[in-house]
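Here is the structure we will look at.
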Amino acid sequence: MFGVRRLAMAGAAIALGIASLGATAVSADAASGCYGIGGGKYNCHVWKTAPSFWPGNVRAGTLNAGENYFYCQAKGTRMYEGDYYNVWYGKTDDDSGNKGVWVNAVYISGGGNDQPVPGLPYC
């Protein structure tokens, strides 16, 4: 059930209700989820360049594919691509210079549909 999850940039048709191109080689740790790197950060593999969002359905910027750090995860609005979908979002700083933005977990390797990303704490 665990594997790469995908999502098209299906517009900014999400509303984060948060209360508080191509695949690359992945380490064994990243393939199964995220792992701590210290300082409250967790390394996760982002398999495809992903859009980032502010709460309330506002597009923020872009997070490039590859190893990226995240702080935590929380539930938001479900996003889809084909057979893949997820309601979880990881909080990170994107490659557009935005701090504390959200990226749907469907872009993060590890986990399953509508499941939190293994190894990434809840916000």
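Things to note:
- Residues satisfying the stated conditions in region 72-87, i.e. farther than 14 Å from Pro51 by Cα and touching a strand residue (DSSP E or B) at 6+ places or on another chain (Cβ under 9 Å): Cys72, Gln73, Ala74, Lys75, Gly76, Thr77, Arg78, Tyr85, Asn86, Val87
- Entry remark, region 50-67: residues being touching a Pro at 6+ places or on another chain (Cβ under 7 Å) and not hydroxyl-bearing (Ser, Thr, Tyr) number 1 in total.
- Only one of the numbered conditions (1) touching a strand residue (DSSP E or B) at 6+ places or on another chain (Cβ under 8 Å); (2) charged (D, E, K, R); (3) surrounded by fewer than 16 Cβ atoms within 10 Å (Cβ to Cβ) is not met by Lys91, and that is (3).
- Some residue of region 69-81 being farther than 20 Å from Asn43 by Cα and touching a Phe, Trp or Tyr at 6+ places or on another chain (Cβ under 6 Å): yes
- Pairs with Cβ under 9 Å, 6+ apart, first in region 27-39 and under 13 Å from Asn68 (Cβ atoms), second assigned to a loop (DSSP other than H, G, I, E, B) and at pLDDT below 55: Tyr35/Ser27
The values are calculated or read from the model by the stated rules, or taken from the named source; none is laboratory data. Note that the coordinates shown come from a computational prediction; the quantities given were computed from them, not determined experimentally. Positions of Cβ are generated from backbone atoms using ideal geometry, with glycine treated the same way; all protein chains shown enter the neighbour counts.
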